[in-house]
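All remarks here apply to the structure that follows.
Taken together, the values in this text are just the output of simple stated rules run on the coordinates, not laboratory data. Keep in mind the model is a prediction, meaning the values are calculated, not measured. Virtual Cβ from ideal backbone geometry, glycine too; neighbours counted across all protein chains shown.
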């Protein structure tokens, strides 16, 4: 699932992503391991410790606290993407930025 950026929405730093996660999520652990192996920078936010983050995740997932939810620098989000999809989205954004085109 993808969401459009909205005013006041959290953002990820250029070239990195923010992963909304929990400590017990196996899919999250797997994605973290894969992002590490691809040298993709990411920040992790535990939605069980951060209520604002939990509300953001609910907002992009139809009211559900589905993790991993990954936030990209352009403000869009994907739920449970593969590491290959994350890498491709970041590369696409970098190419768009280099050419001056919107991401």
Which residue, 26, 15, 62, has the most motion in a Gaussian network model of the chain that connects Cα atoms within less than 10 Å?
62
Give me the percent of DSSP beta bridges within the chain that run antiparallel, rounded to the nearest 5.
60
Residue of 88, 53, 12 that the Gaussian network model of the chain assigns the largest fluctuation, springs spanning Cα pairs under 10 Å
88
I want to check the label-to-label distance for residue 38 and residue 82. Put each point 7 Å from Cα in the C-beta direction and report it in nm to one decimal.
0.9
Nearest 10, in degrees from 0 to 90: the angle of helix 51-60 to the longest Cα principal axis of the chain is 60
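Among rounded, prolate and oblate, which fits the chain when a ≥ b ≥ c are the square roots of the eigenvalues of its C-alpha gyration tensor, a/c under 1.5 means rounded, and a/b larger than b/c means prolate?
Values: a/c = 2.06, a/b = 1.28, b/c = 1.61.
It is oblate, given that a/c is not under 1.5 and a/b is not larger than b/c.
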GNM result for the chain, Cα springs below 10 Å: residue of 33, 65, 89 fluctuating most strongly:
33
At 222 nm, what value in deg cm²/dmol follows for the chain if DSSP H runs of at least 4 each add -39500 (n - 2.57) and the sum is divided by all its residues, to the nearest 500?
-12000 deg cm²/dmol
